[in-house]
Amino acid sequence: ITVRVTLHGHSRDYVVPTAIARNGQRLVATGGLQLQQTRFGIRPYSVLGGGLRVANRIDVAFHLVAVPAGGS
């Protein structure tokens, strides 16, 4: 699927490999992607001359479940 991610006022489109399955009345979508903070204008946190820092890469995973309106 194609998703648009907006962070820090910057938007980027990604094609995300997604597994979609039907389970009875439920539709389940599972997938994930990797984002780079710098592509959104975010400077990864760093202190002590880089001795302590946060990685630029962010791993995002999702598991979405859709049910009919009024369903459970």
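The values are calculated or read from the model by the stated rules, or taken from the named source; none is laboratory data. Predicted, not measured: the structure shown is a model, and the values here were computed from it. Reconstructed Cβ throughout: ideal geometry from the backbone, glycine too, with neighbour counts over all protein chains shown. Quick note on the areas: whole protein, heavy atoms, side chains included, nothing else; ligands and nucleic acids left out. Shrake-Rupley method; radii C 1.70, N 1.55, O 1.52, S 1.80 Å.
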From the options 30, 38, residue that is at pLDDT 95 or above and among the hydroxyl-bearing types (Ser, Thr, Tyr): 30
Top-ranked residue in the stretch 19-32 [being over 11 Å from the mean Cα position of the chain (by Cα) and open to solvent by less than 40 Å² (accessible area, probe 1.4 Å); ranked as nearest to residue 70 (Cα to Cα)]: 28
Unique residue being within 14 Å of residue 14 (Cα to Cα), without any contact (Cβ under 8 Å) to a residue 60 or more places away in the chain and of a type in the set (Val, Ile, Thr) when the list is 67, 60, 54, 47: 60
Selection within the stretch 1-16 - more than 12 Å from the chain's Cα centre (by Cα) and in a strand (DSSP E or B): 10, 11
Residue satisfying all of: in the stretch 47-66; open to solvent by less than 60 Å² (accessible area, probe 1.4 Å) and not aliphatic (A, V, I, L, M); nearest to residue 1 (Cα to Cα) among these: 62
Qualifying residue in the stretch 33-46 (condition: out of contact with any helix residue (DSSP H, G or I) (no Cβ under 9 Å at 6 or more places or on another chain), within 23 Å of residue 2 (Cβ to Cβ), among the charged types (D, E, K, R) and surrounded by 11 or more Cβ atoms within 10 Å (Cβ to Cβ)): yes
Filtered residues of the stretch 6-18 (kept if among the aliphatic types (A, V, I, L, M) and surrounded by 12 or more Cβ atoms within 10 Å (Cβ to Cβ)): 7, 16
Residues within the stretch 32-44 that are small (Gly, Ala, Ser) and either touching a Pro at 6+ places or on another chain (Cβ under 6 Å) or closer than 20 Å to residue 15 by Cβ (or both), tallied: 1
